[in-house]
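This report concerns only the one structure given below.
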């Protein structure tokens, strides 16, 4: 398979930050062409979060590889006309602009249904339409807090935001999944449809377990740091050689093996308090103390070897620097080199491994880098492009 499964699909993106760029980068990883429409004055604001990647921001480099940047001023009639020319040849329009912007621009799903009926319209926003929060700006932290995710992360009395921007990322992935479903439907003769994905709906979905537990028990589970309120034993323990091992069990059989074969404590395995997971959760502190004391007397390598032999899930607590040098990524050839305006940089392959297909891993674009080429494809002559530039409709 030389071309990706989405080869021939053109995606136009009115996007910024992480959620929509993650959606379109995912579609690009599958072979779609992604044309990123940016404001000529600065472009996607995530370009400027920092400058650590050869002058570019780490967020921007992460989610914008393989795209073409076309700089259009959509506040001008000429810039908006160019966008409509693009949409005449597009399959998908993805946007995550501030609430109400696509309506003001005449690019709402209802507008597209009339003017570009074959285009699948995807809108990602903060809270979804029809509610008291629908008008609000929404960033990853804000939605994680609003959805309760911060309340189940960290420690009691010290809530925390999950480190990765999971509201943004998962919303982008839900949007990409929706595009795939709608493209499939369109290929079977169904009319193009629109889809709306909100960060709040995504996060309440990800909160499914704690919300279900609290609804039916009346108990609000407290955060447990590197553990889980659902199962025990399940957590991190310092080792004798200064590392941290993470051990996990998910059922009674695994607990028995951990107690008898890993830490050599048949007395704990036979203790009626720990016979079921519910009992182990109730007496979590006792088990954590016993397992922690055993781990503190042994080196990481020995613990992991014994855990593997006993069939007990285990891992090492790693920092970002540890992961960059991770031997598992190197052994599986997961790193590639991509171009950026500041020079080549390493980037990880996308998670899906499709037999016979190598993801394109294209370059990260400079602002407006592809404006002339794309407008040329649309039939604009060089003098027309120059005129648009003089009127500041394009960059």
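A short reminder: the numbers here are calculations on the coordinates, not readings from a lab. Quick caveat: nothing in here was measured; it's all calculated off a predicted structure. Note that each Cβ is placed from the backbone with ideal geometry, even for glycine, and that neighbours are counted across all protein chains shown.
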**Q.** For the stretch 234-316, projected area of the alpha-carbon convex hull averaged over all directions, nm²
**A.** 4.5 nm²
Q.
Could you check the spin-label model distance between residue 84 and residue 390? Points 7 Å from the Cα along Cα→Cβ, value in nm.
A. 2.4 nm
Q) Once the piece of chain linking residue 299 and residue 270 is laid out straight, how much longer is it, given 0.36 nm per residue of separation minus the C-alpha distance between them? A) 7.8 nm
Q) Hey, what angle do you get for helix 19-29 against the long axis of the chain, alpha-carbon based, 0 to 90 degrees rounded to 10? A) 80 degrees
Q: With a Förster radius of 30 Å, plug the Cβ-Cβ distance of residue 372 and residue 58 into 1/(1 + (r/R0)^6) and report the FRET value to the nearest 0.05.
A: 0.60
Q. What is the distance, in nm, between label points placed 7 Å from the Cα along the Cα-to-Cβ direction at residue 349 and at residue 135?
A. 4.9 nm
**Q.** Length added when fully stretched, residue 337-residue 105, from 0.36 nm per residue minus Cα-Cα
**A.** 79.7 nm
Q) How far, in nm, would the chain grow between residue 10 and residue 184 when pulled straight, counting 0.36 nm per residue and subtracting the alpha carbon separation? A) 61.2 nm
Q. Of the residues 203, 361, 226, which exhibits the maximal mean-square fluctuation in a Gaussian network model of the chain defined by a 10 Å Cα contact cut-off?
A. 226
Q) Remind me, relative contact order of the chain in percent, using alpha carbon pairs under 8 angstrom and six or more residues apart? A) 20 percent
Q.
If I take R0 = 35 Å and measure r between the Cβ atoms of residue 222 and residue 309 in this structure, what FRET efficiency does the formula 1/(1 + (r/R0)^6) give, to the nearest 0.05?
A. 0.55
**Q.** P(r), alpha carbons of the stretch 142-292 - 10 Å bins starting at zero, rounded %
**A.** 10, 28, 26, 20, 11, 5, 1
Q) For the chain, what is the calculated [θ] at 222 nm in deg cm²/dmol (nearest 500), taking -39500 (n - 2.57) for each run of four or more DSSP H residues and dividing by its residue count? A) -10500 deg cm²/dmol
Q) In degrees from 0 to 90, rounded to the nearest 10, what is the angle of the helix 166-187 Cα long axis to the longest principal axis of the chain? A) 60 degrees
Q) In degrees from 0 to 90, rounded to the nearest 10, what is the angle of the helix 77-87 Cα long axis to the longest principal axis of the chain? A) 60 degrees
Q | Average Cα contact separation per residue, the stretch 229-269, under 8 Å, 6 or more apart, as relative contact order % | A | 28 percent
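Can you compute the FRET efficiency between residue 41 and residue 150 using 1/(1 + (r/R0)^6), with r the Cβ-Cβ distance and R0 = 35 Å? Round to the nearest 0.05.
0.55
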Q. Between rounded, prolate and oblate, where does the stretch 1-64 land on the alpha carbon gyration tensor, with a ≥ b ≥ c its root eigenvalues, rounded for a/c under 1.5, else prolate if a/b exceeds b/c?
A. prolate
**Q.** Least to most buried among 104, 67 (fewest other Cβ within 10 Å first)
**A.** 104, 67
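Can you quote the Å³ per residue value for the convex hull of the Cα atoms in the chain, rounded to an integer?
179 Å³
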Q) Where does each of 281, 63 land when they are ranked from fewest to most other beta-carbon atoms within 10 angstrom? A) 281, 63
